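Inspection log for the structure reproduced underneath, given as structure tokens.
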Amino acid sequence: MSCQPRPATGGSKGVVDVLGGGGLYEHLIHLAKLCRLCGQMLSKHPTSYEVGNYFHLISRYVSVQEDDHNIHPKQFCKACYTGMLSPRNKWVPTATWATHRPNPNCAVCTNSRKMSLGGRPSKKKSTGRPKIDRSINATLDSLKVNSRVADIVIDNEDSFKERFGVANDSPFCCRICECVFVCPVSTPCEHLFCMSCVHNLFVSDFCVHFSCPTCHSQIHFQSLTPAPTYFQNILKKSDISCKQCNTNLTYDKATQHSHPSTSGSIVVHDRHYIHKQTINNLISQLTPQQKEDIGTVILREKLHASKDGATAVYRTRGQPLVTKLITKPQKSSADSTPATKRRRSLQLASIRDDISEGSAVQFQHEVTMAHRAGALDDPSSIKIKDVDMLTMRSMLRLSWKMTRKLKKWLKEHNIASDCEKKVRAQEAKVIGDNLEGEWVPLQFHNEERKETEITKTPLVKVSSLERKVMSLLDEYEKLNLLSFDDTRGEVWLKVGGDKGGSSFKMMLQICNVSRPNSVQNTIIVLMFNAVDSIFNLQLALQGFSAEVEQLTTKTWRGRPLRVFHFGDYAYLSKIYGLTGPNGCHCCLYCLASKQDMMKLATERGERQSRTLATLEEHLHQFNHSGSKRAKDHFNVVRQPLVTIPIDQVCPPGLHISLGLFLKHFNSMEKACHQLDLQTVAYLAPQDNPVNLSKNMVYMVERHRLEARLAEKEEERKDLMEQLSCFILLYPEEAASQPLQLLQESVKEKDSEINDVKVALNKSKKVSVASGMIAASLDQALQDMHVQRQAFHGMSFVGNHVHKCLKPDNIIRLTTRVADTMRQLCPDSEPLIREAEQVAATYRNLFTLFGRCHVAINTCGFLKDDKINELESNIKDYLHFFRTNFPTESVPPKMHLLEEHIVPWLRKWRATMGTMGEQGGESVHAQINNIKRDLRGYNNDLDLLLRTVKGQWLASNPQTYKLYM
């Protein structure tokens, strides 16, 4: 793609000139789809790269330091990345970019639309070509020009042949004139002749065919071609001899020889070519039957000379050709004698050993393939084993009644399956006796009475956490799914909790698999249907901390076990005895206060890290002071419920992304509301503003009433001042007519003010996000199929945050602000510029935050270069936030991102997408699906126990392997 630049019309580089004329939203969408370097579509390649992350690499070819996001794309494709890294260094960028022009004058938009259409490119209509003269003379004249030997000019062919005669047995001798080749041509039978000799044959006989002098096959004049290039090269370097002076010279030097001669001879020194050409000439003179007879004789001689009498080896310049003798059977093996079958088996074994160099392995593979082929040909031989039947039952969430119906249907279609007894036995083997349930008194809040109650509630937990961990590791090892390269040779485990719906769940994950945070790798080890209050957690987790601490002292097959902790920030604060995210010292990882979080990194200095020892020390101080003023003791108020070290607690990356994105989106919504208010103030004086929504009309009417009320109050104030001045100046005229008129005017203004206030009270009030500009954000979310959680503070879910932070969607979301303002106030340049500034600010904010979000929530282990890149992105994001939003607060989640994400990655290398809470959050939906299919349980404890058993069956190593 090539876009010619247009001269700037003045103003700043970034906004005013580029956004003029409309269509910028579509233009930015097109830019997000194109490669910065070659201009092609990014969708043609599976991977794309951010230009900002490869400045040093791209700067070798093109300068991107002064790129404008309204003119230049921010990404480049895989092909350009590979081209820049190619050792040949032949790659060059081909795309140039210019400012946007109104459609249809913008070359970028036009070419992007064409490339987005897809399909096969249209073929150019052929305009025809000049007709070729198919006559003999025209064809032969054209062939004569093309058949000349390169770099050799022979003016007189007859004189050249007279000076350099040849012997009849030379391979460079024309079989017609028996002289050295001049302008050689090739026939379809691969014989070579001089062009002049062939031309004389056609002209003398007046026909279109002639008989080949070598093999006597018929040759059409249009089938002649110039001699092959390799033959011409050999001919040029072959030695010939001048007959008069007996001087040896090469063919290409013959025209420069000064001794005239009438005869001569050619001496050719390329023996390999002579040998090959001689053989080809001999073979070409044989008939097909003669070739077959000679080949049969040679093959029999080689077979007779071989050791086994069945192998013939032909030497070549590369790998030898090996021929095996296989006797054509006259009877099938079913009708043959045992001796014949044995002989055939030995013959097959010999061939198998020759082609595989491992006959046993190859034979085993053949048996397996034969068994599979037979099973497919015969459906009655297919049988579903108990393990597969159990996996299918758990994946489809079938009851035993539905499982019996499925087995019956399979049987009708000749597909057998293990009996129900075996399937139940396999289920009991997976669950074992390692799950128990009990009734425990837990705390509930009664909304009607506004008080707290204690009610017996079912609780299900694993009997032995150690036994469950060891069994999972053994199962994963059998399936060859464990890896210890990234975990320093250790076994890494994750335990964590979360409340979802009406139940709280403690979960376990094995981190040595490829997808440790998947729901199929998440096992519930404790569950109860109550809130996760401090009282309930202390009661439910009795003994759990001891099991976790004991687990850290164990080994599995000589490998030590290390336990990590995950969960959202509110849960982690409860587990480690902090007052919560609203405390003065709310950080779990350090002793920083909220005032310190607001400061720059250079101003706040170093802060002591929290450990289990500091928690115990601060708790002792808090208890010693009478359990008052928790902020004086760093907000530690309880004993930790688990003893997992704090440096092994993974920062909640998912909730960091959710919280910060919601914070920035709400901030953008408030900024849009301010633009709505300014728009209302601009439109209120107009008589009939158009293109307004219902809420916008309400806002305009209310603004008019407020303006009218302010005007009436100002008029009343003026009347009161006049009345006061009149009384002070003329106290003796208290009953005069002017004074009475002023008093009546004041009463009329009071009545008018009351009427306006009544109308203002009756007018409909509009919420913050009801203006057209603020509402356009919700419309953009709907276009992206993103829904806010109405019953959870209008928050977002993780997948929707990830979708909103994609570059295309960031542009789509922020561009709506300026586009809506242009629609409402097309004549107000100040309002349009302010809307563009708001859109640009939040576009940069979301882009910087999106880079951090993707890096921390991806699954895997990071190297130093990626960690350094993330650290730089976090600094850029926080610097931009503090610079452009100085009045906004820094929440604890932003502090975690700034201070504790990078230290965690430098120590463990594992991202939040690997060690975070994503898998635990997914279990809630899994439990709801399992409960939906459970019926007939009158006892809540039995129902909860069956639910956890179903979760164990749905999340086990066998199921995990299917989802890899």
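I need to check one value: relative contact order of the stretch 16-114, counting alpha carbon pairs closer than 8 Å and at least 6 residues apart, in percent.
Once normalised by length, the contact order is 38 percent.
Just to confirm a number: summing +1 for Lys and Arg and -1 for Asp and Glu over residues other than GLY543 whose beta-carbon lies under 14 angstrom from that of GLY543, what do you get?
Result for the local shell: -4.
Considering the dipole of the stretch 16-114 built from charges on the beta carbon (Lys and Arg +1, Asp and Glu -1) around the Cα centre, which of SER59, ILE71, THR99 is farthest to its positive end?
It is SER59.
Beta carbons within 10 angstrom, averaged per residue: use that to sort the peptides 936-944, 65-73, highest first.
Top of the packing list down: 65-73, 936-944.
Taking the alpha-carbon centroid of each part, what is the distance from the stretch 551-597 to the stretch 916-945 in angstrom?
What the calculation gives is 27 Å, centre to centre.
Which shape class, rounded, prolate or oblate, goes with the stretch 277-352 when its Cα gyration tensor gives a ≥ b ≥ c as root eigenvalues, a/c under 1.5 marks rounded, and past that a/b bigger than b/c marks prolate?
It is prolate, given that a/c is not under 1.5 and a/b is the larger ratio.
Around LYS893, with a cut-off of 14 angstrom between Cβ atoms, what is the net charge of the other residues, counting Lys and Arg +1 and Asp and Glu -1?
Charge balance in the 14 Å sphere: -3.
By the scheme Lys and Arg +1, Asp and Glu -1, what is the net charge of all other residues having a beta-carbon under 12 Å from that of HIS800?
Surrounding charge for HIS800 is +3.
Give the order of SER417, SER217 when sorted by the count of other beta carbons within 10 angstrom, beginning with the fewest.
Lowest to highest Cβ neighbour count: SER217, SER417.
Compute the Cα gyration tensor for the stretch 577-639, then decide on rounded, prolate or oblate, letting a ≥ b ≥ c be the square roots of its eigenvalues: rounded whenever a/c is under 1.5, prolate when a/b is larger than b/c in the other cases, and oblate in all that remain.
Verdict is prolate for the stretch 577-639.
Given R₀ = 60 Å, FRET efficiency for ASN53-LEU729 by Cβ-Cβ distance, to 0.05? Please report the intermediate quantities before stating the final value.
Details: r = 79 Å, r/R0 = 1.31.
According to the calculation, E is roughly 0.15.
Okay, which of the stretch 468-512 sit inside 17 Å, backbone N to the point 7 Å along the Cα-Cβ direction of LEU612?
493-496
Once you have the Cα-Cα distance between THR327 and LEU249, take 0.36 nm times their residue separation minus that, and quote the gain in nm to one decimal.
Length gained, THR327 through LEU249: 22.3 nm.
Taking neighbour Cβ counts within 10 Å as the exposure measure, how do MET915, MET395, MET597 sort from fewest upward?
On the way: MET915 28, MET395 14, MET597 19.
If I rank by nearby Cβ atoms, fewest first, I get MET395, MET597, MET915.
Could you tell me whether the stretch 16-114 comes out rounded, prolate or oblate from its Cα gyration tensor? Rule is a ≥ b ≥ c as square roots of the eigenvalues, rounded for a/c under 1.5, then prolate if a/b exceeds b/c, otherwise oblate.
Cα axes put the stretch 16-114 in the prolate bin.
Suppose each label sits 7 Å from its Cα in the direction of the beta carbon; what would the SER86-HIS220 distance come out to in nanometres?
With each label point 7 Å from Cα toward Cβ, the separation is 4.2 nm.
Based on the mean of other Cβ atoms within 10 Å per residue, sort peptides 402-410, 470-478 so the most packed one is first.
Going by the mean number of other Cβ atoms within 10 Å, highest first, we get 470-478, 402-410.
For each pair in LYS456/LYS949; LYS74/LYS866; LYS875/LYS907; LYS554/LYS931, compute the distance between the two Cα atoms and list the pairs where it is over 28 Å.
LYS554/LYS931
Report the full-extension gain for the segment MET598 to ARG788: residue separation times 0.36 nm, less the Cα-Cα distance, to one decimal in nm.
Values: separation 190, 0.36 × 190 = 68.40 nm, distance 2.87 nm.
Full extension from MET598 to ARG788 adds 65.5 nm.
Every read-out reported here was derived from the displayed coordinates using simple, explicitly stated rules and does not represent laboratory data. Every value quoted in this text rests on a predicted model; they were computed, and no experiment measured them. Because the Cβ atoms are built from the backbone with ideal geometry, glycine has one as well, and the counts that use them run over all protein chains shown.
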